[in-house]
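Participant: This structure is in structure tokens; I'll ask about it shortly.
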Amino acid sequence: MNKTAVIYTPYATNQPGAAGMRAHYLKEALQSNGFTVHILTPAQEKGIGLALKIKSIRPALVLATSPPLPPLLNVFIGTRLVGARFILDAKDDGRFFEIEEKRNRSIKEELFRVVRKIIYRSSDFIWFLTRSDQAIECKRYDIPLEKTACVPNGVDRRLVFDASFRNQLRKEWKVSTTARIAVYAGSLGDEDLTGLLASFEPMRKAKHGLIMVVTADHSAAEAERVERLKQQVENLSSFSFKRVFVNLPIDEMQKILSACDVGIVPWSDHLPTSLPVKTFDYSAAGLPMVIKGPHRQPNELELFAAQNKGWAIFTSDWKMFQRALAALLLKKKTNAERSQRAADAYHQWDRQKIMKGAIEQLEDRFHGTRSQE
């Protein structure tokens, strides 16, 4: 029995952000089931080199994250060269949704649509982050439901609320323990940070603080975005205390989330089937959250808020978001309440347990062997 697996991911297991965390728990689950795991990222291999690298490893399973979609064609080719099973770890793709809404598409965009269809329909198994995304894509590409599973991100045990960090960081920041601090944790890509920053302007200045923790790659364009964000935050007049952090390791994230009071989710209108990982991260830290989500249905964020009353407020426009945030900043959750919320969230959405179950399902289905064997 061949127990070798390849994980293709945009970010390696030691990288900050949602993709890095998911890769970490996927690698851990595979190893606990006896697999030797190889991580491939765009920084290591590109183009046909991806296919050749997979061929040299000769794995039984290849688990590939999308988006980004284009590199997966070479990953898929390499998988088929060695007769391995190709598992698509699918996330909803903003670029694809934008292309689908266009009336006049370029040749490149039409090619993108064709490649996506090939990848989805030819995968041996597909993981989706939410039920609504699973239902939409199965219908779009006529994929049997039994060839798919819903594998959400869940709560990262390394982010669970720790009350000791609140006083520690407040002292370092020279901010009163009674001051209220909102926190945003996420990337510079999928979310509406322009709308978020604009929504802060009408807020009355108070002794509130704002922490923004962003994940960014090392490109020049991303560096420019980070610097622009820092300047925009610095210019905000509605917060007396402001900080922007970039690419924090997981232990620092736990400290910051534990020290803050309200989580912010400024989600894009064109990603209605998403349940962003920050909803789980905030829950792990016992943070109530205010969400600005999409108007359209199905709407995973609206459903999440409805199922987590008292801990999540959903709005679909920025004016209501601004009012909800201002109101939430005036309320205080005790350390005991936050600890209980964190414990409940971990019990319900233990990421380690979710991923281990997903790998065991693959083992049951494919017996850890190459398709040609």
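Participant: Among the candidates Thr9, Thr65, which residue alone is hydroxyl-bearing (Ser, Thr, Tyr), open to solvent by 10 Å² or more (accessible area, probe 1.4 Å) and in contact with a Leu (Cβ under 9 Å, 6 or more places away or on another chain)?
Facilitator: Step by step, each of Thr9, Thr65 is checked, and only Thr65 is hydroxyl-bearing (Ser, Thr, Tyr), open to solvent by 10 Å² or more (accessible area, probe 1.4 Å) and in contact with a Leu (Cβ under 9 Å, 6 or more places away or on another chain).
Participant: Gly47 passes all but one of (1) under 22 Å from Cys138 (Cβ atoms); (2) more than 20 Å from the chain's Cα centre (by Cα); which number fails?
Facilitator: (1)
Participant: Across the range 275-313, what is the number of residues that are outside any helix (DSSP H, G or I), closer than 19 Å to Arg338 by Cβ and of a type in the set (S, T, N, Q)? Walk me through it before giving the result.
Facilitator: Keep residues of the range 275-313 that are outside any helix (DSSP H, G or I), which gives 275-276, 285-299, 308-313.
In the following step, the residues that additionally are closer than 19 Å to Arg338 by Cβ were identified as 285-291, 308-313.
In the following step, the residues that additionally are of a type in the set (S, T, N, Q) were identified as 308.
Qualifying residue count, the range 275-313: 1.
Participant: Name the pairs whose Cβ atoms lie under 8 Å apart, with the first residue in the range 308-336 and more than 18 Å from Glu201 (Cα to Cα), the second surrounded by fewer than 17 Cβ atoms within 10 Å (Cβ to Cβ) and of a type in the set (A, V, I, L, M, F, W, C), and 6 or more positions between them or separate chains?
Facilitator: Cβ pairs passing all conditions: Phe314/Ala306; Asn335/Ala163.
Participant: Looking for something within 26 Å of Leu248 (Cβ to Cβ), touching a helix residue (DSSP H, G or I) at 6+ places or on another chain (Cβ under 8 Å) and surrounded by fewer than 17 Cβ atoms within 10 Å (Cβ to Cβ) - is there at least one such residue anywhere in the range 303-317?
Facilitator: No, every residue in the range 303-317 fails to be within 26 Å of Leu248 (Cβ to Cβ), touching a helix residue (DSSP H, G or I) at 6+ places or on another chain (Cβ under 8 Å) and surrounded by fewer than 17 Cβ atoms within 10 Å (Cβ to Cβ).
Participant: Do you know which residues across the range 171-216 are over 22 Å from Leu275 (Cα atoms), buried (at least 17 other Cβ atoms within 10 Å of the Cβ) and among the charged types (D, E, K, R)?
Facilitator: Within the range 171-216, just Arg180 meets the criteria.
Participant: Among the residues of the range 40-90, write down those that are touching a strand residue (DSSP E or B) at 6+ places or on another chain (Cβ under 7 Å) and within 15 Å of Arg116 (Cβ to Cβ).
Facilitator: Ala64, Thr65, Ser66, Leu72, Val75, Phe76, Phe86, Leu88, Asp89, Ala90
Here is a yes/no grid of residues against (1) closer than 27 Å to Leu52 by Cα; (2) loosely packed, with under 14 Cβ neighbours inside 10 Å:
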position	(1), (2)
Phe76	yes, no
Val82	yes, no
Leu88	yes, no
Glu101	no, yes
Lys108	yes, yes
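Participant: Now for a separate question. Output the number of residues of the range 42-62 satisfying the condition of being touching a Gly at 6+ places or on another chain (Cβ under 8 Å) and open to solvent by less than 10 Å² (accessible area, probe 1.4 Å).
Facilitator: 6
Participant: Under 7 Å by Cβ, and 6 or more places apart or on different chains, what pairs join a residue from the range 36-48 that is outside any strand (DSSP E or B) with one that is open to solvent by 70 Å² or more (accessible area, probe 1.4 Å) and not hydrophobic (A, V, I, L, M, F, W, C)?
Facilitator: Between residues of the range 36-48 that are outside any strand (DSSP E or B) and residues that are open to solvent by 70 Å² or more (accessible area, probe 1.4 Å) and not hydrophobic (A, V, I, L, M, F, W, C), the close pairs are Thr41/Tyr11; Glu45/Lys53.
Participant: Any residue in the range 165-189 that is touching a residue at least 60 places away in the same chain (Cβ under 8 Å) and basic (Lys, Arg) sitting within a Cβ distance under 7 Å of a residue that is surrounded by 16 or more Cβ atoms within 10 Å (Cβ to Cβ) and not in a strand (DSSP E or B)? List the pairs, counting only those 6 or more apart or interchain.
Facilitator: Arg166/Ser258; Arg166/Ala259; Arg170/Ala259; Arg180/Asp261; Arg180/Leu329
Participant: If we keep just the residues of the range 281-290 that are crowded, with 24+ Cβ neighbours inside 10 Å and of a type outside the set (Ser, Thr, Tyr), which is farthest from Asp162 (Cα to Cα)? Can you show your working first?
Facilitator: We begin by selecting, within the range 281-290, every residue crowded, with 24+ Cβ neighbours inside 10 Å; these are 281-287, 289-290.
Next cut, of a type outside the set (Ser, Thr, Tyr) only: 281, 284-287, 289-290.
Details: Asp281: 13, Ala284: 10, Ala285: 8, Gly286: 9, Leu287: 12, Met289: 18, Val290: 21 Å.
The residue in question is Val290.
Participant: Quick one: which residue in Ser106, Ser122 is modelled with pLDDT of 95 or more and among the small types (Gly, Ala, Ser)?
Facilitator: Just a single option satisfies the conditions, and that option is Ser122.
Participant: Okay, moving on. Cβ-Cβ distance below 9 Å, separation of 6 or more or different chains: which pairs start in the range 341-367 with a residue that is within 18 Å of Phe128 (Cβ to Cβ) and end on one that is open to solvent by 80 Å² or more (accessible area, probe 1.4 Å) and not β-branched (Val, Ile, Thr)?
Facilitator: Arg351/Arg157
The values are calculated or read from the model by the stated rules, or taken from the named source; none is laboratory data. This structure is a prediction, so every number in the text was calculated from the model and none was measured. For neighbour counting, all protein chains shown are included, and Cβ atoms are generated from backbone atoms with ideal geometry for every residue, glycine included. Just the protein is used for accessible areas: all its heavy atoms, side chains included, with ligands, DNA and RNA removed. Shrake-Rupley method; radii C 1.70, N 1.55, O 1.52, S 1.80 Å.
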